[in-house]
Every structure is written in C-alpha cells, then in structure tokens.
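Here is the structure we will look at, set down as structure tokens.
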Amino acid sequence: MQPAIYSGCEYMSERIDVSRRAAAIEYAIRDVVVPAVELEKQGHRIIRLNIGDPLAYEGLPTPEHMISAYKQALDSQDNGYGPSYGLPELRQAIAKSETDKGWHCSEDDVYVTHGVTEALQIIFAAFLEQGTKVLAPGPHYPPYMAYPQMYGATTVEYRLNPHDNWRIDFEDVASKMDDSVRLLVLINPNNPTGNVATPAEIDSLLQIAKEYPKCTIISDEIYDGLDFTGHMSSTASRSNSVPVITLNGVSKVYFAPGWRIGYMAWHDPENRLELVRDGVERLLRSRLCASTPAQHGYLAGLLDEHGWLEGHRSRVKDRLDYCIKRISKIDGLECEAPGGAFYLFVRIADQRVTSDKQWVLDLLHEHHVLVVHGSGFSPEYGLGHFRMVCLPPIEILAEAFDRIEQFLGD
Ligand SMILES: Cc1ncc(COP(=O)(O)O)c(C=O)c1O
C-alpha cells in the first residue's frame, strides 16, 4: 500500500474500523446472491429461488387498481412528506382491517413504516437494552437475529419441531422464558417453514407470556392472506392481557414488496406500553415518514374488493403443490407440506452432507440453481436444510428440480 502524503508529513494510510454491530450483520437470503451474480456475469443462467418476491416471477403481479392509485398520487403531486405515523386514511383502513380480524384496533394504534423490516428496527430500538432478550422461533426470518444485537440484546431461539410439521415446542419456549425476555416473537404463517399456528397454539403462547409482565408479543402476520389451512387467527384477537404488536403490510399479500410499506398495530389491553410507545413515536418522528404515494397505493388495496387475491392464492398453491410432489420423489430430500406462505424448508437427508451452506454453493456452482442454506435461518435449528421459494411458474420449477436431481445424481 502506498503511504499517503499530507502537509509534508508521511502517514501510513490506515483502514478505518467497521463497527462490530455492522460487521455482525448477516442476511443469508441476499448474501448468497453475491456468488450468483458472479456466475451470471460469466454468462450462466441462474434459476433464482432465494428471494420471497412474487414480482420476480410471472403471474403474480401487483393489482392494477393499486398501481393506478399510486400513479394518481404521483400525478396529482402528492409527493410531499406525510405524517410520521402514516396517512390518516390509511391508518383508518388498516385499523378496520385489523378490527375485522377480531380485536378492537383504532387508528391511533396503527403506525405505518417502510415495510415490516423498518417496524422491527424501531420496535427493537425502543424495547431493547443491554442484557435483554428476544425469544424468536428457530428457524426464523433473519432480521429477528441480526438486529437485536445492535442494541446489546441477544436473540434466543425457541425450537420449532421438525418432526411435527415445525410446530412450536412449548416446553422449549417455557424453559427459555425469563424476566429479561422483552419480546416473544411469533411468525405466523412462518417463514421459512410455512407452519400456521392453530388458535389453541396461540393461546398456549399467550399463556406462557402472561407469566412475564415485561414481555410483549410480536406477531408477524405478513403472510396471513396466504394461509391454506383455514385456521389462521390474529394473535391480538386472542389476547385480553398480554400486549401484542401485529406486523403486516403490502409486501406479500398485496404483492408489492418494492413499495416498502408495512405497519405495526398495537394491542395493549392493560396499558403497559405507554412509555415504550412514546419512544416508538419519537423514533418514527425522527425518521420523518413512509413514502406518501406508496401509502395511497396500499390504501386502494385495502379499500377495494379482494376478489383478485383468490387467483393469486390458487396460483401460489398450485406452484407449492408441484414442488411438494417433486420433492417427495427425490431420494435424499424431505419436507413437510407447509400450511401457508410460499416457501419449502427442505431437509437434506444425505448423512454425508456436513454443511448445508456448502451444499447450496455446490448446487449453485455446478447446476446454477440458487436456494438459501437453512443455517441462515437458524444456526441451530435450520442446519441441514435449505429454503426454496415456490413462486416461479411450473415450467421454471420443473427445470430447477431437474437440475437438483442431476446434482444429487452426480
Ligand atoms: C416473516 C417476514 N417478515 C417480514 C418480512 C419483510 O417485510 P417487509 O417487506 O414489509 O419489510 C419478510 C420478508 O420476507 C418476512 O418473511
């Protein structure tokens, strides 16, 4: 390295340290894209089954009436800053949609954010301190592990049982609860496993949380409209004492993840969250607001009829069913049929495979199919698995499975 010359003095140019919190961030779903892009640059066609983005594939577009509302906001110069907690008419529509799910949600209980991901950052910033804990399902969507450490907290995983359709292991939850747990997370339907908790299971989780007065439940219901079991139930609707923050948005069920609009809806039956809510509101004001025209697009989605969703749902279900059928015929791969969302979390049954990440990289390099290693969703409970997105049209999925079969036969 050349020494830097400055004002007649010679300094060795030194690398500036990255903070430990940034260096510790991992997001497996996008981290695996780095080698895929390299292969694409070399001219290879990669079948990407890594990102849960319906827009990346044919046949699952954002509904036209939502796009028109977004465009109309742009055309009428509705491009200014909006209120920090969200447009009042959108907060009202979200409150109504949550109330329709069975609990009393008022406009003031709703805060609109840049996606559920921003809601998580704000919640963690307001709830967590050094030494506190988040108890999250293992496996889980990666930010539940990545973000809490930024606030000196740790994420502890509770076990989802791989031998029982990834249901919650309640004994494990109970054994890991203590007074330092500030947030108990339910992802329902779950990403990556697709398990949908039954109302009785939600009640059991609430029962455990009830013993710990400092504990709030985060219920991430971003896939709630993609429930194929018929028993999906809002967690807030079942709680009459434990505080529940429901997360949802436009990304999955309204098929517009690039708009970056989500929300948190606060259910606080015993008024325990007053102080932390003040903190959340301060944080929301300090980051100004969510995108104004995109909020208009989401509003149209909430207010208009939802008949279109049935077509999208049945397309997702057909694609999921196709994947389950193909996996069931492949020696060396096993998976449970998911109850919701659009992923399969597949077990690599070959005992010789010691690293799921290496397996994923080998599949990528040798047969150009991109999936995500299970350990990226849980270093403990995801090990030995991979997650695939089942959203592409069936002919693309067919080609992906042909390639996976060749890989396993090599
Ligand atoms: C469980 C879960 N929550 C949240 C998100 C991200 O939501 P948003 O796009 O609203 O930030 C995802 C994305 O895959 C997810 O799987």
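With 20 Å as the limit on Cα-Cα distance, the pairs of K101/K252; K176/K210; K101/K214 that go past it are K101/K214.
Among residues other than H267 with Cβ under 13 Å from its Cβ, the summed charge is -2 (Lys and Arg +1, Asp and Glu -1).
For K41 and E310, the FRET efficiency from 1/(1 + (r/R0)^6), where r spans their Cβ atoms and R0 equals 35 Å, is about 0.30. The antiparallel fraction among DSSP beta bridges confined to the chain stands at about 55%. Backbone phi angles across region 277-282, fed through the Karplus curve with coefficients 6.51, -1.76 and 1.60 (θ = phi - 60°), yield HN-Hα couplings of 5, 4, x, 4, 5, 4 Hz in residue order; Gly and Pro are listed as x.
Positive contributions from Lys and Arg (+1) and negative ones from Asp and Glu (-1), summed over other residues with Cβ under 12 Å from the Cβ of N195, come out at -4. One compactness figure for region 123-163 is 1.19, namely its Cα radius of gyration divided by 2.2 N^0.38 Å. Spin-label model, D331 to D318: label points 7 Å out along the Cα-to-beta-carbon direction sit 3.3 nm apart. Among G249, G82, G311, the largest mean-square fluctuation in a Gaussian network model of the chain (Cα springs under 10 Å) belongs to G311. A simple count of charges around P83, restricted to other residues whose Cβ falls under 14 Å of its Cβ and scoring Lys, Arg +1 and Asp, Glu -1, yields -2. Annotation: Cα Rg of the chain relative to the compact-globule expectation 2.2 N^0.38 Å equals 1.03.
Dividing the Cα radius of gyration of region 64-303 by its Kirkwood radius returns 0.96 for Rg/Rh. In the full protein context, the chain carries 45 Å² of accessible surface per residue, based on a 1.4 Å probe and ignoring ligands, DNA and RNA. Across region 123-130, computed HN-Hα scalar couplings (Karplus, 6.51 cos²θ - 1.76 cosθ + 1.60, θ = phi - 60°) run 4, 4, 4, 8, 8, 9, 9, 3 Hz from first to last residue, x flagging Gly and Pro. With the highest mean first, a sort of the peptides 258-268, 42-52 on other beta-carbon atoms found within 10 angstrom per residue produces 258-268, 42-52.
The values are calculated or read from the model by the stated rules, or taken from the named source; none is laboratory data. Just so it is clear, the model here is predicted, and its values are computed rather than measured. With ideal geometry, Cβ positions are generated from the backbone for all residues, glycine too; neighbour counts draw on all protein chains shown. To get the accessible areas, we keep the full protein, side chains included, count just its heavy atoms, and leave off ligands, DNA and RNA. Shrake-Rupley method; radii C 1.70, N 1.55, O 1.52, S 1.80 Å.
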